[in-house]
Amino acid sequence: MHLHPAAATPGTEWNGPDIGPGLLRAEQECLGLAMRDPEALNVVLGTLEASDYARPAHQIIHTALMELHPERPTDQAAVVGYLAQQVVPMGAGEPASLLSRVGGHMYIHDLVWKTSATPAQAGYYVHQVSDASTRRSIAERAVSLYRLASTPGVDLDELQREIDRAHERLRWRPGGGWGEPRPLTRQLPPLPVEILPGVMRRLVRAVAATTESPPDLAAFAALATLAASTRGAWQVQVGGGWTEQTCLYVAALSDSGTRKTAVVGLATAPLRALERDMAAENGGRSRREILTKRYAAAVDEAARALDEEERTRAEDEAEDLAAELHSLEFQVLADDVTPEALASRMERQGGPLATIVDEGGLLGTVAGRYSANVPNVDLILKAYNGSYTRVDRASKPSVIIPRPILTIGLIVQPDVINEAAKVRAFTQRGLLARFLFALPPSTVGTRAGGAPPMDPEVEAEWAAVVGKIFAAGLEITGRGEVGTIRLDHAAATAFEAWRNLGGHESRMHPELGDLADIQSWASKLPGALVRLAALFALAERPGDDRPLITGVEMQAALDLAPYLVEHAREVLIGTYAERAERLEAVLGFIRRFLREGGSAGKGRSDSGNRTSRDTSELSDIFTVKEAYRALDGRSWVTRTSDVEEIVEHLADLGYVRPLPPEPPRRGRPPSPRYQAHPRLVTAAMRETG
């Protein structure tokens, strides 16, 4: 329909319904404000559908705005350009563009600029258009019901069902309250590399550049390396009786081909070198083998001795040899070990050990890979806090570790954590809640090649810092002591302000907090941030006799909190990997359903849900049972609740919304119903021509 007389072209007019000048102005103001102001655009598109406009030309313009938003501009020029490109047939005549059908570019211009309304008035005009649309719907349904009631032979129950549906549609109009659907996979915040301590920041940038990998991988590998280098020599005195260790459990997740092995190798190189140097200093493998044989001989002699004096001498010799053996058994890093072997190695080390790997073997073995699928997480849980551990083993002496300290650095594929999340002991006992997570975007497919070699100065600087922390820790533990790291006044003040009510604590409120869904993980975040701040302080001043966390280091750790929260939320309950695949599958069903006009459910009874439908009105409403039937056969679909969970997630993201349940009838209760977003409906209409 041409609404601008000057732009009218004979033979192309659409004759729409006559409407009053007040409604005409309201429709024009809605569209003009939407093209002029982003906030008004959100109000208009979030509340109205194209079908809410009485004038067909306005329906076309509204549809154009929905097609353009949010990927492209929605101003006057963008709308004119879009409509000019869309061509529709004109019977026997030449095809015409949609721009000519709405009155040409002059009409679009007048909508935008010949208005006295302000963006704040958008809601007022939207209400007028919505109210008029509802009144038209009432009139149309009244006529439809009158015709149905006048048709001979119509069952009264069928008439009542149509009355119920008409009443429901008036209460749940398609356009009311829709917002913008959010992406299936959220854009996670990038790692704020600039807030890291100087030496660590330089290492992360250098490793990321030379491996062409996300900086998150290098940062997490470097954090694990710093934690491992402390070897439990310090603990952080937060306040009162609250102490934290300097070990970390971190997991940076990245798909295959992102050069995780190279990243881990560069970050942990100083630790590997220190381990080799210590082994050589202690006499190497031959020395250990000789002492092992002498120890076995002394034990055998003590067991066979009949004379008490000889037995005592042999026992003393065995104890001395055992102590010397333990002093030689120096190990910083372990790879894929069983929990039993891990306990033995930690006992020989006096407590500390670390594993920083690009494979997830440790979690697999802890989950019970070699023990009939019986998880053994006790040691790993206790080693996070340095809690006394005793491991009793059949037919072998008990392993006693007064203060186990373990660092875990996993730079692995997401599947490792996917599988770990299926182990109830990992989730229910809080193992995964102890991890800090990173889920960076992959660089595969975007790497230009010609990466620079590793900067030797940065490499040497990193090795020196790690070496100084390592040496200072050895000196402390050599005296049989545990050092203390404290917070200065600025650090303590900043931390308490972030943590207390009104801050992080309030965010964990079970009903009002935005972190209630990851409460177990969030409750451990304050302690993890203290550990990070301590490692930052050690990295900045590795030779300090009395390490102190300053306000700068604490603020750097606190600045990492938003990144850590969002990545943990995505890993623990988010949409990545399997969840994203399932969301796409259900969304694909909805798109097919809409393209077929709801035909997937026509003509078949679903506990009364889909018999005798007005398909022109209800084709955007589907049931969970229909989705289940369409997706049945997929490995993750075993019952309707599997599909319903994903549909509910789509509702949270804004792609669908639940409708009130239908009145109960005989038999099974009706399946839950959902309505598709108008954007999905519009896209389906366009695809079907």
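Summary table
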| quantity | calculated |
| --- | --- |
| Neighbourhood charge, 12 Å Cβ-Cβ cut-off, centred on L431 and excluding it, Lys, Arg +1 and Asp, Glu -1 | +4 |
| Candidate residues H504, H509: accessible-area rank, largest first, probe 1.4 Å | H509, H504 |
| Rounded to the nearest 10 Å², the accessible area of R569 at probe 1.4 Å | 40 |
| Order of exposure, largest accessible area first, which applies to S137, S229 with probe 1.4 Å | S137, S229 |
| Label-point separation, A297 to Q187 (7 Å along Cα→Cβ), nm | 7.2 |
| Which of R403, R629, R141 is most accessible, then next, and so on - probe 1.4 Å | R629, R403, R141 |
| Rounded accessible area of T243 (nearest 10 Å², 1.4 Å probe) | 50 |
| Rounded to whole Hz, the Karplus (6.51, -1.76, 1.60) HN-Hα couplings of region 229-236, x for glycine and proline | 5, 6, 6, x, 6, 10, 9, 9 |
| Extension gain, E457 back to E505 (0.36 nm per residue minus Cα-Cα distance, nm) | 13.0 nm |
| Residue-level accessible surface for R72, protein heavy atoms, 1.4 Å, Å² | 120 |
| Separation of the L24 and R313 label points, Cα + 7 Å toward Cβ, nm | 12.0 |
| Separation in nanometres of the label points that stand 7 Å from Cα toward Cβ, at R424 and D517 | 2.4 |
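The values are calculated or read from the model by the stated rules, or taken from the named source; none is laboratory data. Note that the structure is predicted; figures quoted are calculated from it, not measured. Positions of Cβ are backbone-derived with ideal geometry, glycine not excepted, and every protein chain shown enters the neighbour counts. Quick note on the areas: whole protein, heavy atoms, side chains included, nothing else; ligands and nucleic acids left out. Shrake-Rupley method; radii C 1.70, N 1.55, O 1.52, S 1.80 Å.
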